[in-house]
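Working notes, beginning with the structure itself.
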Amino acid sequence: MPAQSLRCRSCATEYALEDIGTCPECFAPLDPVYDWDALAATVSRESIAAGPASIWRYAALLPVEKPEEPRLAPGLTPLVQAPRLAQELGLRELWLKLDTANPTHSFKDRVVAVAAQKARELGLDTLACSSTGNLANAVAARAAAEGMEAAVFCPADLEPEKLVATAVFRPTIYAVQGTYDDCSRLTVELSFELPWAFVNVGLRSYYAEGSKTVAFEIAEQLGWDAPDAVVAPIASGSLYSKIAEGFEQLRRVGLVQAEVPRLFGGQAEGCSPVAAAFASGEQVVPVRPQTVARSLAIGNPADGDKAVATALATKGAIYSVAEEEVGVNMATLAAHTGVFGETAAGVSLGALREVVERGELGHDHRVVLVVTGDGLKTPGPVADLLAPVRIEADADAVLERLGVLT
């Protein structure tokens, strides 16, 4: 087992590798503890390259054993250049990390795969979660692949596209009359009563580690190097901070020599408690979400303060993006790259625009923008672009309209 124990982020008390969501002493988050000296002696670029084409090539750096029979394995998603968008923004180099290529078309497949493996190690047979949509998709699909039961708790007014994309895997969907934060509180309470694997409650310490693989892959795909900056959306704050941890861990085991990239994050204006905390220099204050970016609508982010600390430590920043700009940015991303990202991608691109306008990044920098989910899940903000030209089934009518016939 690569990880040795769980350690409290606040009081440093250590616990066994069980389904313990938070420190029983002070209620702070728990993080896996690794023997980095031992890993540095055994993990190499060659050993990783010899592994499977998925997140499990990095199993030595994850807190669970590699599955004997990996099913529906996520990861090793494309990292592609976006030269037209780079030119539009004024960047030397822009790359897109396309986690839309994961099995359920979002980065959540990574974290759920790690949590589900821990659930199997613990003998649990029902995967459960609270979700704004993408996680519900990933949990339901993972349960179907593994032959497990699934129960997901979502806000009742969630986008229907995400609910249908969850229902097809036959989980039990609980449509909660309330916000995501209401769903989250409900699953925390239920985790004390039911023998289920709540991936983002009791198994959160393992679940969150799956996000590190985004950094691992970016580094490997850049020839074991790091970009100057990574831009990612912020909901709970976990993905954003784990990307920084991933690059730091690669340095600790000697796989990468470059410095940890600057981490820039974005939140939609209608739910931006982390961006507000970064701007004020104070702790995160919960808010009630009112945003088009439903996948980021977490008003009380569990890792919000950690995200702020990550921004400061990497000399990055976290900015809010105007609600009316989210759809515009989704359309810009699509028109300049051929990539249709969900609302979170529109937020990330908005944050990148802000960073460039402030002069924090420019013509000297190589940047990676993480596209966390597929736009087909959240087409609403760009639906007004549908304006087809209605014509008769007559070639002359088309040619006449094009000015070819007079």
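The values are calculated or read from the model by the stated rules, or taken from the named source; none is laboratory data. Here the structure is a predicted model, which is why all the values come from computation and not from measurement. Cβ: placed from backbone, ideal geometry, glycine included. Neighbour counts: every protein chain shown. Quick note on the areas: whole protein, heavy atoms, side chains included, nothing else; ligands and nucleic acids left out. Shrake-Rupley method; radii C 1.70, N 1.55, O 1.52, S 1.80 Å.
Brief remarks on what is shown
- Charge dipole (Cα centre; +1 on Lys/Arg Cβ, -1 on Asp/Glu Cβ; no other charges) of region 28-101 amounts to roughly 360 debye.
- Cleavage-rule hits, trypsin sites (Lys or Arg not before Pro), region 304-385, DSSP coil, Cβ neighbours within 10 Å at most 15: Lys315, Arg358
- Carbon and sulfur %, accessible surface of region 29-122 computed with the full protein complex present, 1.4 Å: 48
- Sites listed here are GluC sites (Glu not before Pro) in region 140-211 whose DSSP assignment is loop and whose Cβ has at most 14 other Cβ atoms within 10 Å: Glu193.
- Percent accessible area from carbon and sulfur atoms, region 340-398, protein chains only, probe 1.4 Å: 53
- Charge sum, other residues only, whose C-beta stays under 11 Å from Val321's C-beta, Lys/Arg counted +1 and Asp/Glu -1: -4
- Solvent exposure of the chain as accessible area per residue, Å², 1.4 Å probe: 42
- Radius 13 Å from Cβ of Arg110, net charge of other residues (Lys, Arg +1; Asp, Glu -1): +2
- A cut-off under 10 angstrom between Cβ atoms defines the neighbours of Met148, and their net charge, with Lys, Arg +1 and Asp, Glu -1, is -1.
- Rounded percent of accessible protein surface that carbon and sulfur make up, region 211-314, 1.4 Å probe: 46
- A P(r) calculated from all alpha carbon pairs of the chain, with 20 Å bins opening at zero, reads 28, 58, 12, 2, 0 percent.
- Distance between the pseudo-spin-label points of Glu93 and Val328 (7 Å out from Cα toward the beta carbon): 3.0 nm.
- Helix-derived mean residue ellipticity, 222 nm - over the chain, DSSP H n ≥ 4, -39500 (n - 2.57), to 500: -11000 deg cm²/dmol
- Rounded to the nearest 20, the size of the Cβ-charge dipole of the chain about its Cα centre is 400 debye, with Lys and Arg at +1 and Asp and Glu at -1.
- Note on the chain: GNM, Cα springs under 10 Å; of Val389, Val285, Val371, the largest mean-square fluctuation is that of Val389.
- In region 330-405, the GluC sites (Glu not before Pro) that fall in loop regions by DSSP, at most 13 other Cβ within 10 Å: Glu392
- Region 40-154 shape via C-alpha gyration tensor axes, a/c threshold 1.5: oblate
- Just checking the listed ones, Ala115, Ala387, Ala12: in the Gaussian network model of the chain with Cα springs under 10 Å, the one fluctuating most is Ala387.
- Taking Ala313, Ala150, Ala345 in turn, the Gaussian network model of the chain (Cα-Cα springs below 10 Å) assigns the largest fluctuation to Ala313.
- Structural descriptor for region 115-265: relative contact order 20 percent, calculated from alpha carbon pairs under 8 angstrom and at least 6 residues apart.
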